Amino acid sequence: MLINNIRKIAVKYLPIFADFRQRPVLVVGGGDVAARKIQLLMRAGAQIRVSAQGLCPMLTNIYHAGGLSWIGESFEPAMLDDVFLVIAATGNKKLNSIVAKCAEQRHLLINVVDTKQHCSCIFPAIIDRTPIVVAISTGGMAPVLARVLREKLESMLPNFLGPMAAMAGTWRGRVKQHIRSMAGRRRFWEKVLNGRFANLISRGRLEQAEQELELSLSANPENVGEVALVGAGPGDSGLLTLRGLQLLQQADVVLYDYLVSQEILDMVRREADQICVGKRAGSQSISMSQQEINLLIVTLAQQSKKVVRLKGGDPLIFGRGGEEMQAVAALGIPFQVVPGITAASGATAYAGIPLTHREYAQSLTLITGHMQDGAADLDWQALARVSQTLAIYMGVFNAAEISSKLIYHGRSAQTPVAVISRGTQSDQCVHIGTLAELESLAQGALTPALLVIGEVVSLHHEINWFGQQNLTSYKRTSSVVEMKD
Ligand code: SAH
């Protein structure tokens, strides 16, 4: 019985894509709800006829611009002559059901807004990547679920799908002439749509993308891999970019290091190999040298793989991403870089500390506190000036030296400072104090941790939000990250 019911539900709405160009559609109702449907239909090229007592401002504009015909104030069955589809969108339920009945008698498709039982057709949620259109319907059972699904798909389907499909469409004929077998054509398109062609389109380089198609078709070129250097952000998976997510889902192999949270690694394509190439400094685990990492990246790319090099924060900020891409570029391997939210930006935002503020700081300096990375040579005198914010990466172990050097060069010992541990993650921890106290604040701080020095830190007490408010829609799961510093 239950199975029979489910079967019935499953066939209730058959998805078809209808061509509305130049076809008349009657809309009964002239309010905002009608306007939303009308806009959708106009985008599809339909001829709109409206029966309504009055028109809302948006429809009035469309009417004056000649975008619709206002055929009468009250509905008459004769208005149904010659129309392709009928929409009843008035606030009057009785009128809506009369319109529905008349339409049914004439075997016309009818949609009654918000009244499922009178509908012979419904409007699905749409993801528009013209010419690709994805339609979702829950058969009117759970419209909110359709919306949630739509949001998920929106973020998964890149915007460049549209131009990609359009260009593929214009090349279909030529490819068919060139490659006789259907299987051969399928292989060709699979390779092209996942390869450099797609990569070029995603960067808006349509001309080069077309050249790439030409090349792929004529020369059967050597099958080179490619590399994407992707920033994972500071930990909260919601801070990964859409482009980053797309690349993680296309990767053959992902090389990541200790800062990348498990939440982000969970988003990597299941079939991809995941290789951890960087453990925390001083840990027992084997950590590859930078040269070994560079070599591994290029070797995998030369094996025709799509390599994603995934790094915490932004890959080009204290991340050695620049060195890795130099190695890739030197061998002519195609690559792209996807920036990420750097720790200074993410951790302070989640700690309620604006990096600049008109009254407190006019400049921001990102600094490495790792003495071997050049922190010893910093211009401490310049850094000690007021009205600037210092964000110090890898500074926990040298907090004492940093604080004494800044005070020695004239920065007030009372300057507010923050040590933000595991910023943006569910176990984020913020310690606030003064520059004189920096060493003790940093001592025992969980890592990774960022030191923030400057007057802006005093705003933390006013705008600290993360973990303070009951934001139920933001579900966070805890994640474990190996630590450095
Ligand atoms: N490329 C990274 C930085 C790598 S250097 C980025 O753009 O963020 C590593 C240092 O970054 C750590 O020692 C720490 O100071 C800082 N860091 C990284 N993630 C952090 C986080 N979630 N919270 C606080 N500091 C972080």
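For the reader, a short list of remarks on this structure follows.
- Straightening the chain between residue 289 and residue 320 buys 10.0 nm, computed as 0.36 nm per residue apart minus the Cα-Cα spacing.
- Cβ-placed point charges (K, R +1; D, E -1), dipole of region 105-205 about Cα centre in debye, nearest 20: 760 debye
- Three-way shape label, region 226-341, alpha-carbon gyration tensor, a/c 1.5: rounded
- Which of 441, 354, 424, positive extreme of dipole for the chain (C-beta unit charges): 424
- Of the trypsin sites (Lys or Arg not before Pro) found in region 316-398, those that fall in a DSSP loop while having at most 10 other beta-carbon atoms within 10 Å are 358.
- Formal net charge of residues neighbouring residue 322 (Cβ-Cβ distance under 14 Å; K, R +1; D, E -1): -1
- Loop-located GluC sites (Glu not before Pro) in region 184-245, at most 15 other Cβ atoms within 10 Å (DSSP): 222
- Applying 1/(1 + (r/R0)^6) with r as the Cβ-Cβ distance of residue 458 and residue 23 and R0 = 56 angstrom yields a FRET efficiency of 0.30.
- Selection from 162, 130, 140 lying farthest towards where the dipole of region 116-168 points positive, charges on Cβ: 140
- Positive end of the dipole of region 241-281 (Cβ unit charges, origin at the Cα centre): among 267, 246, 277, the Cα lying farthest that way belongs to 277.
- Gain on full extension, evaluated as 0.36 nm per residue between residue 42 and residue 101 minus their Cα-Cα distance, stands at 18.7 nm.
- Applying the criteria of a DSSP loop state and at most 10 other Cβ atoms within 10 Å to the trypsin sites (Lys or Arg not before Pro) of region 190-273 yields 270.
- Region 161-217, relative contact order in percent, only Cα pairs under 8 angstrom and at least six apart counted: 33 percent
- Distance from region 228-273 to region 20-55 (C-alpha centre basis), Å: 44 Å
- Per-residue packing, averaged as other Cβ atoms within 10 Å, sorts the ranges 146-159, 78-91 into the order 78-91, 146-159, beginning with the highest.
- Spin-label model distance (nm) - residue 303 vs residue 170, 7 Å beyond Cα toward Cβ: 3.8 nm
- Residue 13 versus residue 365: modelled label distance in nm, points set 7 Å from Cα along the beta carbon direction: 6.0 nm
- 20 Å Cα-Cα threshold exceeded, pairs from 191/305; 93/116; 12/116; 116/152; 176/306: 116/152; 176/306
- Helical contribution to [θ] at 222 nm, DSSP H n ≥ 4, -39,500 (n - 2.57), averaged over the chain, rounded to 500: -10500 deg cm²/dmol
- Point-charge dipole on Cβ atoms (K/R +1, D/E -1) for the chain, about Cα centre, debye to 20: 2280 debye
- Rg over Rh for the chain works out to 1.09, both radii taken from alpha-carbon positions and Rh defined as the Kirkwood radius.
Rule-based calculations on the coordinates, nothing more; no lab input. The structure displayed is predicted, hence computed values, not measured ones. Ideal geometry is used to build each Cβ from the backbone, glycine not excepted, and the neighbour counts take in all protein chains shown.
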